[in-house]
Structures are given as C-alpha cells and as structure tokens.
Amino acid sequence: MLYDQFDSQTTANPADITSQDFETSLDPADSEAADDFVVPTGLTWAIDAIDVDGEYFSRDGEEPVPAGFHVRFWSNDSATSLPSVLTASRMSQAYTPIGTASGDVQIAVDSPVVLPAGTWWVSVQARLDYGAGTHQWFWHNRTVQANQGAAWRNPGDLLQTPCTSFGRRSACQGTTDAPDQVFRLHGTSSAAGGPPPPPPPPPPPPPPPPLPAPRCHVPRVVGKKLGRAIPLILRAHCRVGRISRRKSVRTRRGKVLGQSPRAGRFLPLNSRVKLVVGRR
Ligand SMILES: [Ca+2]
Ligand SMILES: [Ca+2]
Ligand SMILES: [Ca+2]
C-alpha cells in the first residue's frame, strides 16, 4: 500500500458527496470529488489501484451497478491548493466490492499511473446512470484532514452550488466537520532519479613483475662486415671487445672471421665480445 486514509468515516450528515458521471441527459448533474496526497521526496509512485469508501442510493430497491469508475490524477495548484492540471485519466475502470459494505470498492488503475515526488490530487467518479431508479453513488467524507481539504465541482451547475470549478468540498457542500474523503492507494514505490550509480571502479591491477635485468645476448656476427657487426653487438646489450686482425682472402677482408664468446650465449649486461676481422 502506498497511501492510506481509509479511516475516520464521518457519521454526521452530510456523510458523503455525489461524484458521478450520469447519462448524457443528466450531464449538468455530473460532479467530481477529489482529494490530495503527497509522494515523498526522493520517491516515484506507480499507482495501480485505489480503494474508496462509498455508498449507493436507489429508489427501486435494486443495487446500482456502475459501468465503471473514472480515476483522474491532477497536479496541485500551489496558489489555491486545489486540483490544477489533469495529469492522467483512467476512464471506466474495472472495480470489485470491498467487504460487504455496499458502495465500498477497489478500482483498478490500468495502466499504473507514475508520479514523482510532490502533492497530487486523485478524483473518483462512478460512471452510473441515474435512470428510473435514481441510482447514485456517493464518496464518504472523512473527519480527519490530511494535507489539504478535499475538492469538488459540478461544472453543469444542476446542483446549484458555488463550485462549477474545483473548490473546497466542505464549502461547496456547506459542511465543516468532515473535510476529506476516505480512500487509499495501492502500487509500488521506487527511488527517484536517473539510472543507479555506477559500480565502484575495480581495484587497479597489481603492478607487473619487474622486468628481468637486461643481459648481453651474444649475436651472431661472423661473416658480417665490421660496420654491421658493431651495432648488432651494442643492440644486444653487449660491448665490442678487443678487435684483432688476421690476414684473409680478399672477399673476407673487413668482415668478422671469428667471435668470442659464441653466438646465443647469455652473459651479464655489457659483456665484451671479441672479434677477429680479416685484413689484407
Ligand atoms: Ca455524464
Ligand atoms: Ca461506505
Ligand atoms: Ca486531503
């Protein structure tokens, strides 16, 4: 349950107020009662049903059977604290009796009406023909006032009241002892606002293991010209050691004839590689 003021029913007269959408020939009698409620800060409500304490009246001994109930939601006029802008309407809604008290009904709100935080008004109107049996429905008045006193109107003014537009129901009806209507709201409440906050960032990854200290990986330089061999040796984190010359055939002059240590060995950083280079 979202909101509950289904209590404190008055026993004094007038105990209730007409709130009915009559057949077309009696449109000037159409009347509508509304009461307010507050969606708390930080919440959003999705209202899917409303319970109302009401009473049927008839002169033909038959219990009236409304075709449905109109349920409308209104914003609050901050200047007058009366219904302002129609926000949502659910017409001729299905309903079921509550308990055994004739005229008490639970009315579906289909689809659910979603409202953000703030003050809102809900009106309930029976869609019921007066007919030959004078069938009517009335919404029960409540002795305790929550928020603002209930509102009411009879735009066609057949009922000759001061309230052709929404006014304070107690003033429209000329009574003071029961300022509200008896109702409760069903539905779901959820935290307002945008998407849920993002999850906390994952912890930073552990630092990578330290790189192994570079070592001298002796390159193969035999057969290469000395000018090519030296940068290969330096790039391999080695140094050029003693270079000795040896007489050689012409095609091998200037080229490395031998190296020490041999290629492929791993040695401490900057180990020296001795070379033998061909000469004239
Ligand atoms: Ca009507
Ligand atoms: Ca009742
Ligand atoms: Ca109220």
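The values are calculated or read from the model by the stated rules, or taken from the named source; none is laboratory data. What you see is a predicted model, and the numbers here were worked out from it, not measured in a lab. Every residue, glycine among them, receives a Cβ derived from its backbone with ideal geometry; neighbour counts consider all protein chains shown. Heads up: the accessible areas ignore ligands, DNA and RNA and are worked out on the full protein's heavy atoms, side chains in. Shrake-Rupley method; radii C 1.70, N 1.55, O 1.52, S 1.80 Å.
Brief remarks follow.
- Pair Val249, Ala79: separation of 7 Å Cα→Cβ label points (nm): 11.3 nm
- Most positive-pole-ward Cα, Val65, Gln160, Pro97, against dipole of segment 51-200 from beta carbon charges: Gln160
- Accessible area of the chain divided out per residue, in Å², using a probe of 1.4 angstrom: 53 Å²
- Pair-distance profile P(r), taking every C-alpha pair of the chain, with 5 angstrom steps and integer %: 1, 5, 10, 12, 12, 9, 5, 3, 2, 1, 1, 1, 1, 1, 2, 2, 2, 3, 4, 5, 5, 5, 4, 3, 2, 1, 0, 0
- Candidates Gln259, Gln173, Gln160: whichever shows maximal mean-square fluctuation once the chain is modelled as a Gaussian network with Cα springs under 10 Å: Gln259
- Of all accessible heavy-atom area on the chain, the percent that carbon and sulfur account for (1.4 Å): 55 percent
- Ranked by solvent-accessible area (1.4 Å probe, protein heavy atoms only, all chains present), the residues Thr11, Thr161, Thr251, Thr143 order from largest to smallest as Thr11, Thr251, Thr143, Thr161.
- Quotient of Cα Rg and 2.2 N^0.38 Å for segment 1-118, N being how many residues it contains: 1.15
- Inter-part distance where segment 254-280 and segment 26-81 are each reduced to a Cα centre, Å: 100 Å
- C-alpha long axis of helix 226-235 to longest principal axis of the chain, angle in °: 40 degrees
- Pair-distance profile P(r), taking every C-alpha pair of segment 71-120, with 10 angstrom steps and integer %: 24, 37, 30, 9, 0
- Electrostatic dipole magnitude of the chain [Cβ: Lys, Arg +1; Asp, Glu -1; Cα centre; debye, to 20]: 10020 debye
- Viscosity 1.306 mPa s, temperature 10 °C, Stokes-Einstein D of segment 191-280 from Kirkwood C-alpha radius, µm²/s: 99 µm²/s
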